[in-house]
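Bear in mind that the values in this text are calculations on the coordinates, not laboratory data. Because the structure is predicted, anything quoted here is derived from the model rather than measured. Backbone-built Cβ (ideal geometry, glycine too); neighbour counts: all protein chains shown.
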Amino acid sequence: EAFVYAESKEEEAARLQAEAEEAARKLQEEAQAKAATGQAIVDYACQFIGNPYVWGGTSLTNGADCSGFVQSVFAQFGISLPRTTWDMEQVGTPVSYEQAIAGDLILYDGHVGIYMGNGQIVNAINSARGIGILPATYTNIITIRRLI
């Protein structure tokens with residue numbers, strides 16, 4: 001009859017080290033995948049810079065308001081969002097500004113944009129400026145939400 005012996009301290013340390021390295025590798029892969037998806041969302045959204053702002057609109061080409069723009073961009077990536085900025089404040093996972101990555105939603109009082117990185121958002125600004133880029137801290141941030 002074969003006996004199974006407990007692992008030595010050295011074997012345990014080696015196993016725990018290997019498990020920690022594997023967990024770190026998986027976290028790194030997940031972070032890279034999120035970053036790639038977030039950048040793809042930003043790249044897609046930026047195609048529509050210069051297009052019109054239309055109150056209540058959801059068309060990326062013919063006009064959208066801020067939440068319609070964000071909703072329509074994310075729909076292209078299979079992510080369903082509510083229609084209004086106030087409802088968008090509850091989706092995803094909250095993150096701090098320091099943790100924000102490309103593709104995160106930045107929500108303000110009655111406004112939303114997609115974080116591009118480097119302190120900027122792409123968003124449907126207003127009827128005078130259309131879809132464009134603003135500094136992410138142009139006004140007080142209510143919440144930042146990660147969907148990816």
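Within region 85-139, can you find the residues that are under 11 Å from the mean Cα position of the chain (by Cα), assigned to a loop (DSSP other than H, G, I, E, B) and either on the phi > 0 side of the Ramachandran plot or crowded, with 20+ Cβ neighbours inside 10 Å (or both)? Those that are under 11 Å from the mean Cα position of the chain (by Cα), assigned to a loop (DSSP other than H, G, I, E, B) and either on the phi > 0 side of the Ramachandran plot or crowded, with 20+ Cβ neighbours inside 10 Å (or both): Gly92, Ala100, Ala102, Gly103, Asp104.
For the condition without any contact (Cβ under 8 Å) to a residue 12 or more places away in the chain and in a helix (DSSP H, G or I), what is the one hit in Lys34, Lys26?
Working: Lys34 fails: without any contact (Cβ under 8 Å) to a residue 12 or more places away in the chain.
Being without any contact (Cβ under 8 Å) to a residue 12 or more places away in the chain and in a helix (DSSP H, G or I) holds for just one of Lys34, Lys26, which is Lys26.
Mind checking whether some residue in region 69-78 is without any contact (Cβ under 8 Å) to a residue 12 or more places away in the chain, of a type outside the set (Val, Ile, Thr) and not in a helix (DSSP H, G or I)? Yes: one or more hits.
Restricting attention to region 40-68, report how many residues are part of a helix (DSSP H, G or I) and farther than 13 Å from Asn126 by Cβ. Steps first, answer last, please.
Initial filter on region 40-68 (part of a helix (DSSP H, G or I)): 40-46, 66-68.
Checking which are farther than 13 Å from Asn126 by Cβ leaves us with 40-46, 67-68.
The total comes to 9.
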